[in-house]
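S.K.: Take a look at the following structure, please.
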Amino acid sequence: MKKQILKFGILVTLLASFVSCSDNDEIMTTSTSSNVSTDNVSMTAKMSSTTRDQILKDKDFNNFVTETYDFNEKILDHKAYNQIYNTIKSTGKITPQQEIDITKALGLNSFSQYTTYLNTQALRVANLEKNYGFQSQLTNEERIEVIEITLDNHIPITTNGGCAQQLRGCRRAASAWMASAHVACLMADLSVVGGIICHGAALYLGDSLNEQCLGDYAACIK
């Protein structure tokens, strides 16, 4: 099958530049364009094959990628979470009620379950940084490449024809961009509020890209 490439005009959050200052947290954003493969994973990164293979076999890496994807898939109410995220971003504070609302939107049993999940993911990313310079040495495109390869083995394969396969590839790419954004959040030394804002921006990025994927799928099946 001929590889299909979709051009996405996406909002990429420069989370590596995220700064947490007491109650005032700011995120810088820029608009950019990315070629996203909807068929096979595109091999364009410059990292060595040895480094790529080591990362792909790394348990921390595989757990980080698959749990990031699974966590996002289990969110009960993306719209409600985005509304809470925008409010917290505006006020720079989180209330006890907002913690409850976040817990419900994410489909969790407690807010501490969310912070425990983030702490576990942060430890995994810290190990990846220590062993491979995952954040400091690899480019965003290189991170996305290895994330996509792992997601390709994790996301259920569809046999429902070209449009469904295109949707799967598009959602795989969207999830990879989102996971790479989460890496920057996990590497930063953020307050609880800063973390919610940062990870909220990453989730919003994933939601925006997935909406485009669904729109393209709807057009494809007409």
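S.K.: Any idea what the dipole of region 85-220 comes to, in debye rounded to 20, about its Cα centre with Lys/Arg Cβ at +1 and Asp/Glu Cβ at -1?
M.R.: Working: 9 positive and 12 negative charges, 52 e Å.
Result for region 85-220 is approximately 260 debye, rounded to the nearest 20.
S.K.: Under a crude label model (7 Å from the Cα following the beta-carbon direction), how far is GLN54 from SER136 in nanometres?
M.R.: In this crude label model, GLN54 to SER136 measures out at 1.5 nm.
S.K.: Still on this model: With the Cα gyration tensor of region 100-218 giving a ≥ b ≥ c as the square roots of its eigenvalues, does the rule (a/c under 1.5 for rounded; else a/b larger than b/c for prolate; else oblate) give rounded, prolate or oblate?
M.R.: On the way: a/c = 2.11, a/b = 1.32, b/c = 1.59.
Judged from the Cα gyration tensor, region 100-218 comes out oblate (a/c at least 1.5, b/c at or above a/b).
S.K.: Calculate the length of the line joining the C-alpha centroid of region 121-145 to that of region 50-100, in whole Å.
M.R.: 16 Å
S.K.: Let me ask something else about it. Which ³J(HN,Hα) values in Hz, rounded to whole numbers, follow from the phi angles of region 183-190 under the Karplus curve 6.51 cos²θ - 1.76 cosθ + 1.60, where θ = phi - 60° and Gly and Pro get x?
M.R.: Result, rounded to whole Hz: 4, 4, 5, 5, 7, 7, 8, 10.
No lab work stands behind these numbers, since they all come straight from the coordinates. It should be emphasised that the depicted structure is a prediction, and the values quoted were computed from it without experimental measurement. When we count neighbours, we look across all protein chains shown, and the Cβ atoms used for this are built from the backbone with ideal geometry, even at glycine.
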